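What follows is one structure encoded as structure tokens, with my remarks underneath.
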Amino acid sequence: MQNLEQKFDSQPYDREQWGKGYQSLPQEYEYWIDEIEGEIPQNLEGTLFRNGPGLLEVHGIPLQHPFDGDGMISAVSFKDGRAHFRNRFVKTKAYLAEQEAGKMLYRGVFGTQKPGGWLNNAFDFELKNIANTNIIYWGDRLLALWEAAEPYRLDPQTLETIGIDYLDGVLEPGDSFSAHPWIDPNCKMDGGEPCLVNFSIKVGLSSTITIYEFNPQGKLLRRHAHTVPGFSFIHDFAITPNYCIFFQNPVSFNPIPFVLGFRGAGECVKYQPDRPTKVIIIPRNNTVDKEVKILETNSGFVFHHVNAREISENEICIDSVAYEYLPQVKPDTDYKKSDFEASAPGQLWQFTANLKNGSARSQLINARACEFPVINPNQVGRDYRYLFVGAAHNSTGNAPLQAILKFDRHSLTEEQFWSFAPYGYVSEPIFVPKPDGNSEDDGWILALVYDGSRHCSKVAILDGKNLNNGPIAQLYLKHHIPYGLHGSWTDKYFISLEEGQ
Ligand code: CO
């Protein structure tokens, strides 16, 4: 049993050790995981897919920002108490071109510049689709997502790249598709069938948000586009049965240093603390309600939302991880030596939007540094009690994510907690409901944990009801996985038993 008060003599992490979690993993592996502590639950069956940057340099040129790294997919397949691991790079057009050329050919959106100074970067607007942010399995397609371009489709059994997927003509070349789709578990417009809701955004002096909804076979159900004033940096959104909710963070964009080759596009985004955050609320059923509402709330920056719910006919509550300002890697600094203490932590906030009087209140609900929130997928868009989130070991200050926190939204208290400090650094937790589960928290939490003491990663399985008891099982990989971004779970199992026995 581990409690919230466990302390270390000094800080609970070693910054240099933490930085090693950003080493590239150029190799591709596949094997049955045989070093296991504890026992994999017999009834845990399906596949955990993860995405994130696998290469943190291109032919020896280090990236300025990890978000610029080529997408690498990991798949951990579970059945009959066993687990199989496989990783593959998404063989994007740009990845293959750079492998063949033996040199860096593209600038990165977040600040990575080609060698040769500004002269070699000026007026180069070619976008490198790195497919590195999320991976979902929907409509019998495995799709690697990156918000500024089209999805890449992969074979779910082998992880071999099939190519760009235009979703049966829903997307056109050059379109984007966000990396943060939601699954409405019980869509009232579709007789209670689940549907996948996602968006794309085109930015300029104004921003056009297009919303897409797909049925379980991957067929388009609904699509509508809306233009709102101002530049937008919108990474995620939230849904309820009736609405899509977007936070338009208060930022400005000055493209000149990017155009002239001095800076990456992401470095030209500037946080504007004196301006409000705009809450954009778009009805999902565009045939009966076309009115888009834009509310204002306190400033702050949000990458990820936890969930949203309609608490009355005119009120929507949105829970999010918010920062006091946009966390950015400063030009000419090394992200691997990040000074956590000098930057603002992500914290849990609750926003209440009133559609009738146009107000939007905000309230801090937990101060511990956290990021990558998740809930039971059956509660998406609805009232819910528990959220799970990557969290810092200590309850105050900013630090790497080393723990999983279970937060009770009804009592607004930290209900349970498990820390992998001082050597463990966690990724986004994934909630897998148990097949025979009888309560909202009756599921497994799966998380990739980088173990700095061994320079290897492990897959930790925790019990959602009893997080405090620590992992039920820890599956040690033969190598590390660089810190990733997002992933998902599917009940489908794709490995044939003769494979790699
Ligand atoms: Co994200």
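Points to keep in mind about this one:
- Residue within the range 475-484 that is surrounded by 21 or more Cβ atoms within 10 Å (Cβ to Cβ), within 16 Å of the ligand (Cβ to nearest atom), touching a residue at least 40 places away in the same chain (Cβ under 8 Å) and of a type in the set (Phe, Trp, Tyr) present: yes
- Extreme residue, nearest to the ligand (Cβ to nearest atom), among residues of the range 148-173 that are of a type in the set (Ser, Thr, Tyr) and surrounded by fewer than 19 Cβ atoms within 10 Å (Cβ to Cβ): TYR166
- Condition met for LEU145 (surrounded by 13 or more Cβ atoms within 10 Å (Cβ to Cβ), of a type in the set (A, V, I, L, M, F, W, C), away from the ligand (no atom under 15 Å from the Cβ) and at pLDDT 95 or above): no
- Scan of the range 120-137 for residues that are away from the ligand (no atom under 16 Å from the Cβ) and in a loop (DSSP other than H, G, I, E, B), ordered by number: ASN121, ALA122, PHE123, ASP124, PHE125, GLU126, LEU127, LYS128, ASN129
- In the range 350-446, counting only strands (runs of 3 or more DSSP E) that sit wholly within it, the ones holding 1 or more residues that are buried (at least 21 other Cβ atoms within 10 Å of the Cβ) and touching a helix residue (DSSP H, G or I) at 6+ places or on another chain (Cβ under 9 Å) span 386-391, 403-408, 413-419, 424-426, 430-433.
- Some residue of the range 211-229 being hydrophobic (A, V, I, L, M, F, W, C) and in a loop (DSSP other than H, G, I, E, B): no
- Residues located in the range 178-210, provided they are part of a loop (DSSP other than H, G, I, E, B), farther than 16 Å from TRP146 by Cα and under 20 Å from the mean Cα position of the chain (by Cα): PRO185
- Set side by side, the residues PRO276, PRO255, PRO241 differ, and just one is without any contact (Cβ under 8 Å) to a residue 60 or more places away in the chain, away from the ligand (no atom under 16 Å from the Cβ) and in contact with a strand residue (DSSP E or B) (Cβ under 9 Å, 6 or more places away or on another chain), which is PRO276.
- Any hit, the range 290-302, residues being of a type in the set (Phe, Trp, Tyr) and within 26 Å of LYS356 (Cβ to Cβ): no
- Elements of type strands (runs of 3 or more DSSP E) in the range 1-119, at least 2 residues being of a type in the set (Val, Ile, Thr): 71-79
- Residue check for VAL197: aliphatic (A, V, I, L, M), over 15 Å from GLY381 (Cβ atoms) and surrounded by 17 or more Cβ atoms within 10 Å (Cβ to Cβ): no
- Hits in the range 370-393 (condition: over 18 Å from the mean Cα position of the chain (by Cα) and within 16 Å of the ligand (Cβ to nearest atom)): none
- Test result for GLY108, at pLDDT below 95, among the small types (Gly, Ala, Ser) and more than 15 Å from the ligand (Cβ to nearest atom): yes
- Of everything listed in (1) closer than 27 Å to HIS226 by Cβ; (2) aliphatic (A, V, I, L, M); (3) more than 16 Å from the ligand (Cβ to nearest atom), the single unmet condition for LEU260 is (1).
The values are calculated or read from the model by the stated rules, or taken from the named source; none is laboratory data. Computed from a predicted structure; not experimentally measured. Glycine also receives a Cβ, built like all others from the backbone with ideal geometry; neighbour counts cover every protein chain displayed.
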